[in-house]
Amino acid sequence: MTKNKKVFLNGEYIDADKANVSVMDRGFLFGDGIYEVIPVYQGSLFRFDAHLERLENSLNLTRIENPYSRDEWREIMLPLIDATKDQYIYFQVTRGAAEKRDHAFPIGVKPTVFMMCNDIAPFNDKEKGVKAISVEDNRWSACNIKAIALLGNILLRQQAVENDCAEAILVREGYVTEGSASNVFAVIDGILITPPKNNFILAGITRDVILELAAANNIPCAEDIISLDALKMANEIWFASSTREILPVIELDGQPVANGQVGQLWHQMNNLLQAYKMTYATSEK
Ligand SMILES: Cc1ncc(COP(=O)(O)O)c(C=O)c1O
């Protein structure tokens, strides 16, 4: 842990190594909480409102009280940010610490709010592409909630790592849902496709940005189902997430994706995204 790194916990900014949460916290006992991750480019919170909208949605679906307004959330974030680097804000809200361990919601308990800001680790050699495996998506059916309970995702990601892959592509009844911590895009017959938003995927903010950039730049795109069979024939496959942006996949289940080279559309979209991030950061200031 970086010495003197400040985090926010329940209304206070404190040193990370002094921040403590009760063992009775329902986040610790049950994974009863939700979270968000917002990239910060040159000090500006990327797509702040979209992330807050998703946070509000996760809180509504889990019936956890939202302790702050959007403006208050923003105010809390700002002192944690170092505008000289690319960073991300991680924050979570749990249902709080009750007196006893009981599945039912406790009464009169305040949510626990934790927030920290970390550097976005540069993903070197992104242009070289990564390997992926397909795995059965055995998670629950409320994946649209950004829940801190990530055991399902963790076990699937670990399967990828143990197979020398960067990410797992999750497949439910023969159709792609998403990655273990990302959304999936494929280029099939010249069309950029990503599975539609529903309760089996997390509605990624990066996913929305990519779809908007595609539409604005006359790149044919669609939100449509993708079978694993179709994915295996795709010209390009990408992962999309806030901290890894877009990551091209060059190998799926030990077989090359198309000719095994990073595709031309990925290069185009990556350039568009980098340009968009810069404009966004400057226009927000
Ligand atoms: C399961 C899952 N799907 C999709 C995403 C991508 O979401 P975003 O682009 O908002 O980071 C994430 C990000 O962590 C994720 O964990």
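The values are calculated or read from the model by the stated rules, or taken from the named source; none is laboratory data. This one's a predicted model, so the numbers in the text were calculated from it and none came from an experiment. Methodologically, a virtual Cβ is constructed for each residue, glycine included, from the backbone with ideal geometry; neighbour enumeration extends over all protein chains shown.
As for the range 47-61, it holds at least one residue that is touching a residue at least 24 places away in the same chain (Cβ under 8 Å) and under 20 Å from G11 (Cβ atoms). The sole residue among A149, A160 that is touching a residue at least 24 places away in the same chain (Cβ under 8 Å), aliphatic (A, V, I, L, M) and in a loop (DSSP other than H, G, I, E, B) is A149. Just to be sure before I move on: is I225 away from the ligand (no atom under 15 Å from the Cβ), touching a Phe, Trp or Tyr at 6+ places or on another chain (Cβ under 6 Å), part of a loop (DSSP other than H, G, I, E, B) and not acidic (D, E) in the structure I sent? Yes, satisfied.
Taken over the range 87-99, the residue count meeting the criterion of being in a loop (DSSP other than H, G, I, E, B) and free of Cβ contacts under 8 Å to residues at least 60 places away in the same chain is 0. When R139, R54, R47, R63 are checked against the criterion of being within 16 Å of the ligand (Cβ to nearest atom) and at positive phi, a single residue qualifies: R47. Residues of the range 150-166 that are of a type outside the set (S, T, N, Q), within 12 Å of the ligand (Cβ to nearest atom) and closer than 22 Å to F91 by Cα: L150, G152, I154, R157. Identify the residue in the range 236-281 that is outside any loop (DSSP other than H, G, I, E, B) and acidic (D, E) and, among all such residues, is farthest from the ligand (Cβ to nearest atom). Checked the range 236-281; the qualifying residue farthest from the ligand (Cβ to nearest atom) is E251. Are there any pairs with C-beta distances below 6 angstrom linking a residue in the range 171-192 that is on the phi > 0 side of the Ramachandran plot and more than 16 Å from the ligand (Cβ to nearest atom) to a residue that is assigned to a strand (DSSP E or B) and of a type outside the set (K, R), with the two at least 6 apart or on different chains, and if so which? Note: pairs meeting the criteria are G174/S227. Does D17 fit the bill of being assigned to a helix (DSSP H, G or I) and over 21 Å from K146 (Cβ atoms)? Yes, satisfied. Of all residues in the range 200-211, none satisfies being modelled with pLDDT of 95 or more and more than 16 Å from the ligand (Cβ to nearest atom).
Taking E36, is it at pLDDT 95 or above, within 16 Å of the ligand (Cβ to nearest atom) and surrounded by 15 or more Cβ atoms within 10 Å (Cβ to Cβ)? Spelling it out, E36 is indeed at pLDDT 95 or above, within 16 Å of the ligand (Cβ to nearest atom) and surrounded by 15 or more Cβ atoms within 10 Å (Cβ to Cβ).
Do you know which of the residues in the range 252-270 that are surrounded by fewer than 18 Cβ atoms within 10 Å (Cβ to Cβ) and within 15 Å of A160 (Cβ to Cβ) is farthest from the chain's Cα centre (by Cα)? Ranking the qualifying residues of the range 252-270, first place goes to G254.
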